[in-house]
Amino acid sequence: MLAPLIGLALFVRAVGDSRESRGRPPGPRRRGNSASRSSAIPFYKESPNDQGIGWNVLTSLGRVGIGFRTGRRLVGIPLGFMLGLPFPLGHGRARDQHSQAGFAARLLPIA
């Protein structure tokens, strides 16, 4: 219980020291103006390091899509083939009525 309190005290001290070394921190009005300026034009592009938040969101969503496609190709499709194979090669669970009924029972509350 003592360790988290010591860590919190050191963090507060470090933040206070950094604020004093840089002068006064910006107030809420200045922070709000900066946020409204950056979200007013989301797709501007001044340089590779200075671009709007819209480009960052699109890049992030593209990376998520690549991850889902890769996972589907590497895991989902082979797993589906393996479940559908006959018993000596796979489990043959795709034709098993109990497996299908259990899967449908789990999907009905979602739909």
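Throughout, read-outs are computed from the coordinates displayed, never taken from laboratory work. Quick caveat, the model's predicted, so the values are computed rather than measured. Backbone-built Cβ (ideal geometry, glycine too); neighbour counts: all protein chains shown.
Rounded to the nearest 0.05, what FRET efficiency do Leu5 and Arg31 have when you use their Cβ-Cβ distance and R0 = 41 Å?
On the way: r = 29 Å, r/R0 = 0.71.
The calculated FRET efficiency here is 0.90.
I need the calculated FRET efficiency for the pair Phe43 and Arg73, taking r as the beta carbon distance and R₀ as 25 Å, to the nearest 0.05.
Details: r = 31 Å, r/R0 = 1.24.
Between Phe43 and Arg73 the formula returns 0.20.
For the residues Ser47, Ser39, what sequence is obtained by ranking on other C-beta atoms within 10 Å, fewest first? Don't skip to the answer; put the middle values down first.
Values: Ser47 6, Ser39 11.
By the 10 Å Cβ count, ascending, the order reads Ser47, Ser39.
Given a Förster radius of 41 Å and the C-beta distance between Phe81 and Ser60 as r, what FRET efficiency does 1/(1 + (r/R0)^6) yield to the nearest 0.05?
Numbers: r = 32 Å, r/R0 = 0.78.
The value I calculate is 0.80.
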